[in-house]
Every structure is written in C-alpha cells, then in structure tokens.
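Asker: My questions all concern the structure below.
The values are calculated or read from the model by the stated rules, or taken from the named source; none is laboratory data. Values in this document were obtained by computation on a predicted structure and should not be read as measured data. All Cβ positions, even for glycine, are placed from backbone atoms using ideal geometry, and neighbour counts span all protein chains on display. With ligands, DNA and RNA removed, areas are computed over all heavy atoms of the protein, side chains included. Shrake-Rupley method; radii C 1.70, N 1.55, O 1.52, S 1.80 Å.
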Amino acid sequence: MTKATEDRLPDPIAAEPAARHRTQAVIIGEGAGAITVGGGAPIMVQSMTNTDTADIASTVAQISALAQAGSEVVRITVDRDEAAAAVPHIRDQLDKKGVHTPLVGDFHYIGHKLLADHPACAQALAKYRVNPGNVGFKDKKDKQFGAIIELAAKHNKAVRIGANWGSLDQELLTHLMDLNHASAHPIDARAVTREALVRSALLSAQRAQEIGLAKNRIIISAKVSTVQDLIACYRMLAARSDYALHLGLTEAGMGSKGIVASSAALGVLLQDGVGDTIRVSLTPEPNGDRSLEVRVAQEILQTMGFRTFVPLVAACPGCGRTTSTVFQELARDIQEHIRQRMPNWRAQYPGVETLNVAVMGCIVNGPGESKHADIGISLPGTGETPAAPVFIDGKKAMTLRGEGIAEEFTRIVDDYIVQRFGAGTNKGEAAE
C-alpha cells in the first residue's frame, strides 16, 4: 500500500436500504381507525388473536392489548357461524373503549357462506383474508372465491389474498410439476413449488380484479416457513407486480428461534425495499404474552431505521468486569418502565419515541456509549469506585451513589422527557 493510498479515504459503501418497491396504496378501515398500506406509506405492524372469536369478552380484551402494544391491524379467526355473529359485537365494544384498530377476518373453506349469511360481520370487518389454496376445491373453487370477492366489492372492503406453502393450490402445483418434468431443462422441485406459490397469489389477484375488486383494494402474500424460500418468493412477487405486499414468515416458531428466523427473513426483504406491512408469527409460551409478536415486529422496523415506536435502550452484554447484576436489572427496569408509560407519553410528549437511553455496566465503554445517547448512565464494574456518572445530551450531568441509583435514574429519565418533549405542557409537572 502506497503512502498516497494510505492517506486517501476509500469510497463509501452504501449503508442505506434500497428504495421502496412501488406498490398500490390500500386504505384499510375508515374514520379514526383508517390506515394506509403500500403506496410509500410507513410499513404497518399487524398481529392476530388466538382467542375463540365467539368468546366476545376475551377477544375484545386481547385485541385491546395488541392495539395497546402497537398493532395497527388485528386479524381474527372467522371459522363458523358463532364467530361471524360475534364480530359486529366485538367491533362495537372496541369502539366504545376507544380502540379503533381495523379488524381483518381470516376465512378458510366456508368464508363465502359466513360473509353471505352474516352481513353485519361482512360490514364490521375492515378487510377479508382469503387463501386461494383452501377457498374451495375442484369446481367449487372459482365460484366460492368469486363470491368472497363480490362481497368485498359490495361492502367496499380490502382483501388480502394470502397463498400459503402449507395449503398450496394442488391443481396448480401438479400442473407446474408436469410442465417441469416435460421440460428439456427441468428445475429443482423446490423452485417449482416457489413458482406455484407466487403464481397462485398473482393469478388470484388478477381474477379478483376481473370480478370487480379494484387493484387498490388488494394486498397479496406468499407465506412459507423457511427463510430462503420466503426471500425468494417475495423478490419474485416484487419483480412481477405492484400489489401491496404483506410480509411474514409463517409458523416461525417459539422463542428465540421464531424471533431470529423472522428477523432474518424480514430484515433482508425490508433492506431490499420489499414489504408494506409485516407480521411476526410467533408461537407464544403456554399462557404467554401474545403482544410479544408486536414488539418484535416494531423492533425489527426500528432497529433497521424504518420507523420509531419506543425509546431505544442500549445496554452492554456484560463480561467479567460486570459480575454485579445491578446494570442488568436497571436496563430491564428502564425498558419496562418506558414500555408501560409509552401509551400516555406518546400522546403527551410528541417525539418521545426517538429518545435513546444507555445503561452500561463498567468504565470500558460505559462513558463513551452514555455520551452518544440522549441520556445514559455508566454503572461501576467489579472493583471500580461505587459511583455512576450520568450523561445528558453528551455531557456529564451528575454522579449517582448509594442504594437508590435505579430509582433516581428513572426519575432523571422521566424529568428529561418532560423537559425535552413537553413543549406546550407545564414543565414542572412530573412525567405520568
């Protein structure tokens, strides 16, 4: 390497996501709860209940919790008459609670009948989800799919046409497999299956338009449970259409496996500029918190820089210098404190979601990381002086000592939020 080369900075490598894939803008819902998916709108977060929809009270409670966590669309199962009959009552109760989140009806096998027999359900839902692989079989398939699309057009509802690896149109798949077998240059069977999935979604969307549903009322998805297949399918969809796209790795799994798989798949596609709304399909622990999938989806979008939802808390992983659990407990408590307060803070303190907080465990990186955050604390590591400097807007503001460091730092964070984001409020009031 020459001296001239050493003194010259290299050309920068692109560190920005690709431009968003241009898609149709689809309005879901109306009034206070209306949102836009696609057309360059912010990438929406959605989720799905796992309650029995016929149980109105538990379904309303879970939808409310998901909406509180930040789900901007919630899908519910509509699988039988009792569930369909419950939908308008669920919508009414949610509206009375001030929860205007759009509801999506998830239909399989008999959706055409349920929508026709329960017009109040058809009207209360903001969107219908139909799977072209199980909407009907043989000669009934086109008729029953058409009936759902006609009802959607009649009620002016959006539709997600969601093809799924686990319930793929077998007639289409068999046809493509036969073509591949007869080809002089056959491709891998897995690639044929991906093509069948993509083609099922696109052909169904085109059929919906022919029946009378406007293109700007259609969202499509092609869900699989393996990361590389999902990436391939959505790249194909983006290359071949401008329908709004719903992203999600189906049957992602439980715990870290589901989180990692979903993050890997969605992260690649979002970086490619593909995707207008996302769902992280996590299997909850028994009696676990369903809203975890909402938080994971938000964190994917926020850590990649697409949207901001809650203040970020940076915390070091710990090492031999941090044998105390104090910084771990403080990081956990601050993060939970922020999440609990965010529903009120979001209304009271516009912009609070952009806040960066650092909770560091020792002197090695603690002061530096704390200076980079809006507000940070560097706790003493093993053998260090029992003092914790606090940095605000890059400058050392104070040093905390004693047993009440956690409580005092929490108050400092609250006060900082009031002072920085409380324009138009009484600066003397405490953050509630």
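Asker: Here are some residues: Ser263, Ser221. Which one is farther than 26 Å from Gly29 by Cβ and among the polar types (S, T, N, Q)? Don't jump to the end; show me each part of the working.
Answerer: Values: Ser221 fails: farther than 26 Å from Gly29 by Cβ.
Being farther than 26 Å from Gly29 by Cβ and among the polar types (S, T, N, Q) holds for just one of Ser263, Ser221, which is Ser263.
Asker: Tell me yes or no: at least one residue of segment 111-118 is among the basic types (Lys, Arg), assigned to a helix (DSSP H, G or I) and buried (at least 19 other Cβ atoms within 10 Å of the Cβ). So that I can check it myself, show each step before the final result.
Answerer: If we filter segment 111-118 for residues that are among the basic types (Lys, Arg), which is where we start, we get 113.
Those still in the list that are assigned to a helix (DSSP H, G or I) too: 113.
With buried (at least 19 other Cβ atoms within 10 Å of the Cβ) added as a condition, the list becomes none.
No.
Asker: Let me ask another. Mind checking which helices (runs of 4 or more DSSP H) fall wholly inside segment 163-250 and carry at least 1 residues that are in contact (Cβ under 8 Å) with a residue 40 or more places away in the chain and crowded, with 22+ Cβ neighbours inside 10 Å?
Answerer: Hits in segment 163-250: 189-211, 227-240.
Asker: Could you tell me which residue of segment 52-71 is farthest from Ser221 (Cα to Cα), considering only residues that are in a loop (DSSP other than H, G, I, E, B) and at pLDDT 95 or above?
Answerer: If we take residues in segment 52-71 being in a loop (DSSP other than H, G, I, E, B) and at pLDDT 95 or above, then Asp55 is farthest from Ser221 (Cα to Cα).
Asker: Could you say whether any residue in segment 128-151 is in contact with an Asp or Glu (Cβ under 7 Å, 6 or more places away or on another chain) and without any contact (Cβ under 8 Å) to a residue 24 or more places away in the chain?
Answerer: No, every residue in segment 128-151 fails to be in contact with an Asp or Glu (Cβ under 7 Å, 6 or more places away or on another chain) and without any contact (Cβ under 8 Å) to a residue 24 or more places away in the chain.
Asker: Please verify whether Pro317 is in contact (Cβ under 8 Å) with a residue 24 or more places away in the chain and part of a loop (DSSP other than H, G, I, E, B), treating the condition exactly as stated.
Answerer: Here the answer is no, as Pro317 does not meet what is asked.
Asker: Since Glu285 meets every condition but one in (1) more than 30 Å from Ala238 (Cβ to Cβ); (2) in a loop (DSSP other than H, G, I, E, B); (3) out of contact with any helix residue (DSSP H, G or I) (no Cβ under 8 Å at 6 or more places or on another chain), which condition does it not meet?
Answerer: Against the list (1) more than 30 Å from Ala238 (Cβ to Cβ); (2) in a loop (DSSP other than H, G, I, E, B); (3) out of contact with any helix residue (DSSP H, G or I) (no Cβ under 8 Å at 6 or more places or on another chain), Glu285 comes up short only on (3).
Asker: Now for a separate question. What's the total number of residues in segment 371-427 that are at pLDDT 90 or above, in a helix (DSSP H, G or I) and either of a type outside the set (Phe, Trp, Tyr) or open to solvent by 90 Å² or more (accessible area, probe 1.4 Å) (or both)?
Answerer: 12
Asker: Kindly evaluate Val78 against the criterion of being at pLDDT 95 or above and closer than 24 Å to Val296 by Cβ.
Answerer: Judged against the criteria, Val78 is not a match.
Asker: Go through segment 356-370 and count every residue that is touching a helix residue (DSSP H, G or I) at 6+ places or on another chain (Cβ under 9 Å) and surrounded by fewer than 17 Cβ atoms within 10 Å (Cβ to Cβ).
Answerer: Residues flagged as touching a helix residue (DSSP H, G or I) at 6+ places or on another chain (Cβ under 9 Å) and surrounded by fewer than 17 Cβ atoms within 10 Å (Cβ to Cβ) within segment 356-370 amount to 1.
Asker: Has segment 73-84 got at least one residue that is among the basic types (Lys, Arg) and within 15 Å of Val294 (Cβ to Cβ)?
Answerer: Filtering segment 73-84 for residues among the basic types (Lys, Arg) gives 75, 80.
This time we only want the ones that are within 15 Å of Val294 (Cβ to Cβ), so: 75.
Yes, because at least one residue in segment 73-84 is among the basic types (Lys, Arg) and within 15 Å of Val294 (Cβ to Cβ).
Residue by residue, here is whether (1) more than 23 Å from Met48 (Cα to Cα); (2) out of contact with any Gly (no Cβ under 9 Å at 6 or more places or on another chain); (3) charged (D, E, K, R) holds:
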site: Gln209; (1), (2), (3): yes, yes, no
site: Ala214; (1), (2), (3): yes, yes, no
site: Arg217; (1), (2), (3): no, yes, yes
site: Arg235; (1), (2), (3): yes, yes, yes
site: Leu247; (1), (2), (3): no, no, no
site: Ser262; (1), (2), (3): no, no, no
site: Ile278; (1), (2), (3): no, no, no
site: Ser281; (1), (2), (3): no, no, no
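Asker: Also: Quick one: Arg129 ticks every box in (1) under 30 Å from Leu197 (Cα atoms); (2) of a type outside the set (Phe, Trp, Tyr); (3) assigned to a loop (DSSP other than H, G, I, E, B) except a single one, so which number is it?
Answerer: For Arg129, the exception is condition (3).
Conditions tested, residue by residue: (1) touching a Gly at 6+ places or on another chain (Cβ under 9 Å); (2) open to solvent by 20 Å² or more (accessible area, probe 1.4 Å); (3) closer than 19 Å to Arg160 by Cβ; (4) of a type in the set (A, V, I, L, M, F, W, C).
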{"residue": "Thr51", "(1), (2), (3), (4)": "no, yes, no, no"}
{"residue": "Thr59", "(1), (2), (3), (4)": "no, no, no, no"}
{"residue": "Val78", "(1), (2), (3), (4)": "yes, no, yes, yes"}
{"residue": "Ala86", "(1), (2), (3), (4)": "no, no, no, yes"}
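Asker: Identify all residues within segment 308-355 that are over 30 Å from Pro386 (Cα atoms), open to solvent by 50 Å² or more (accessible area, probe 1.4 Å) and touching a Pro at 6+ places or on another chain (Cβ under 9 Å); write none if there are none.
Answerer: Thr354
Asker: Looking at segment 15-29, which of the residues that are small (Gly, Ala, Ser) and open to solvent by less than 80 Å² (accessible area, probe 1.4 Å) is nearest to Gly273 (Cα to Cα)?
Answerer: Applying the filter and picking the extreme gives Ala18.
Asker: Of (1) open to solvent by 40 Å² or more (accessible area, probe 1.4 Å); (2) under 21 Å from the mean Cα position of the chain (by Cα); (3) aliphatic (A, V, I, L, M), Val280 satisfies all except one. Which?
Answerer: It is condition (1) that Val280 fails.
Asker: Further, regarding this structure: Just to be sure, is Val294 in contact with a helix residue (DSSP H, G or I) (Cβ under 7 Å, 6 or more places away or on another chain) and either surrounded by 15 or more Cβ atoms within 10 Å (Cβ to Cβ) or within 27 Å of Val159 (Cβ to Cβ) (or both)?
Answerer: Yes: the conditions hold for Val294.
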